[in-house]
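A single structure is presented below for examination.
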Amino acid sequence: MGAAAGQAPEVLVVGAGVVGASVAWHLAARGADAVVLDAGAGPGAGSTARATGGFRHQFATAPNVRLSVLARERLRRFADDTGGDAGFRAVGYLFLAHDAAALAAFRAARAVQHACGVADAAELTPEAAAALNPHVDLDGAVGAAWCPSDGTFRPMQILRRYLDDAERRGARVRWEARVSRVERDAGGRVTRVHAGAESWAPRVVVNAAGPWAAGVAALCGVDLPVRPVRRQIAVTAPVPAPLDDGFPMTIWTRDAFHLRVRDGRALLNWPVDTPGAGGDPWDLTLHRPWLDAVRAFADARVPALRGVPLDDAAHWVGLYEMSPDKTLILGVDPACPNLVLANGSSGHGVMHAPATGLLASELALDGRATTLDARPFRPTRFAEGEAFPVSDLL
Ligand SMILES: Cc1cc2nc3c(=O)[nH]c(=O)nc-3n(C[C@H](O)[C@H](O)[C@H](O)COP(=O)(O)OP(=O)(O)OC[C@H]3O[C@@H](n4cnc5c(N)ncnc54)[C@H](O)[C@@H]3O)c2cc1C
């Protein structure tokens, strides 16, 4: 197909998950001509529909904390911007520490959080943590990290609203449009993108393909270190009062088991690697031995959940889009000068999407991010020996 009218948008966004939707909205809000292509039949084909919806400021590195602060700021104006409701609820994140090393790590992280303006991040004694969340067994905890402005939201509401409002502002969205071939010039620049029967000749391409991002990058000649990592969520039957959706996100730092309550059911998350069927990392079959371990954690740690059955029809499996340092990769790789990468958030992609979308739109339209210094997230950081320290608290 030739470059017919409408086939040469200013920016082509590959992927209509929450990141692509946010990029599209921020482009459309500036009046840019944007097209979004997604392989799925409709919104939610990727990881965004499988996220539980946690939001935190409590990271250990300044760039990640700043990303959260910017995202929270965008979420505060989400209704005014898009006319929709992100479903944000400030239930807080409560990280339990069971040894001095964990407490020291939280203190160091808190100094970073305070320096970035997260004034309400605080250390709690075990007694104060017990008063805050009386439903969990704090046996052995030596303290806790708490931030009341952390919370929960509705990933699919954010995705849908960004996308709908981007379309209202002129963005075009194509479903069942899998990008399968890319043409490039001698300098490595993308000149044409093929998806199904259509092709496009954009000035800039944004890769927002979530766990599939490495495949899209490879079509553009870029070696992107993002891989799919399976994560499972166990869901209980409705929980008894007084447990309700106001339950803070509570995390046992020593093994990362954590839970929250959503729509009256506990969502249990123990983010460890489990094999897909036949060892396939893309396979989304539930690994059942993991369920037994999670059940045992819940029984031991949340007395009110003892006797509450798991709802076997409700558990789910999804994919983190994991980067080597578990942090966003945002920027341009020299191998393809007109491809903006917005990938690899490694399980933090929804919470940071309002910021990632803004910064990616600036990179696409202005050639650099202006709202925030995006250099720490640059794709070349791995080769330059400037990757983030791998643990960012969860
Ligand atoms: C169990 C679980 C719990 C999570 N909990 C949280 C949480 O509490 N908080 C949080 O912030 N994050 C959480 N995450 C992570 C979050 O889901 C992701 O970081 C986020 O959804 C990534 O968004 P995305 O738009 O980059 O990717 P996706 O939502 O995966 O969207 C990518 C899109 O790209 C499309 N696509 C792929 N290949 C192509 C192609 N070749 N051509 C066209 N389209 C293509 C796909 O169809 C898909 O729609 C969780 C993830 C899982 C699995």
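Evaluate region 85-96: report whether one residue or more is out of contact with any Phe, Trp or Tyr (no Cβ under 6 Å at 6 or more places or on another chain), near the ligand (Cβ under 9 Å from one of its atoms) and in a strand (DSSP E or B).
no
Return the residue satisfying two criteria in turn: it lies in region 170-193 and is small (G, A, S) and touching a helix residue (DSSP H, G or I) at 6+ places or on another chain (Cβ under 9 Å), and of such residues it is nearest to the ligand (Cβ to nearest atom).
Taking the candidates together, the pick is S180.
Would you pick out the residues in region 8-59 that are in contact with an Asp or Glu (Cβ under 9 Å, 6 or more places away or on another chain), polar (S, T, N, Q) and in the same structural domain as V179 (by TED's automatic domain parsing)?
S47
So for region 11-20 (the condition being of a type in the set (G, A, S), in contact with a strand residue (DSSP E or B) (Cβ under 7 Å, 6 or more places away or on another chain), touching a residue at least 60 places away in the same chain (Cβ under 8 Å) and more than 8 Å from the ligand (Cβ to nearest atom)), does at least one residue qualify?
no
Could you tell me which residue of region 199-211 is farthest from the ligand (Cβ to nearest atom), considering only residues that are of a type outside the set (A, V, I, L, M) and either modelled with pLDDT under 95 or within 26 Å of the chain's Cα centre (by Cα) (or both)? Can you show your working first?
Quick first cut of region 199-211, residues of a type outside the set (A, V, I, L, M) only: 199-200, 202-203, 207, 210-211.
Applying the additional criterion that residues be either modelled with pLDDT under 95 or within 26 Å of the chain's Cα centre (by Cα) (or both) yields 207, 210-211.
Numbers: N207: 9, G210: 2, P211: 6 Å.
Residue satisfying both the conditions and the ranking: N207.
Exactly one of these conditions fails for D165: (1) more than 14 Å from the ligand (Cβ to nearest atom); (2) charged (D, E, K, R); (3) more than 25 Å from the chain's Cα centre (by Cα). Give me its number.
With (1) more than 14 Å from the ligand (Cβ to nearest atom); (2) charged (D, E, K, R); (3) more than 25 Å from the chain's Cα centre (by Cα) applied to D165, the lone miss is (3).
With I233, I251 as the choices, which residue is modelled with pLDDT of 95 or more, in the same structural domain as A130 (by TED's automatic domain parsing), closer than 30 Å to V14 by Cβ and not acidic (D, E)?
Matching residue, one of I233, I251: I233.
Only residues that are within 6 Å of the ligand (Cβ to nearest atom), outside any loop (DSSP other than H, G, I, E, B) and not basic (K, R): list them for region 35-55, please.
Residues satisfying the conditions are L37, S47, T48, G54.
The values are calculated or read from the model by the stated rules, or taken from the named source; none is laboratory data. In this text the structure is predicted, and so the values were computed from the model without any measurement. No Cβ is skipped: glycine too gets one built from the backbone with ideal geometry, and neighbour counts run over all protein chains shown.
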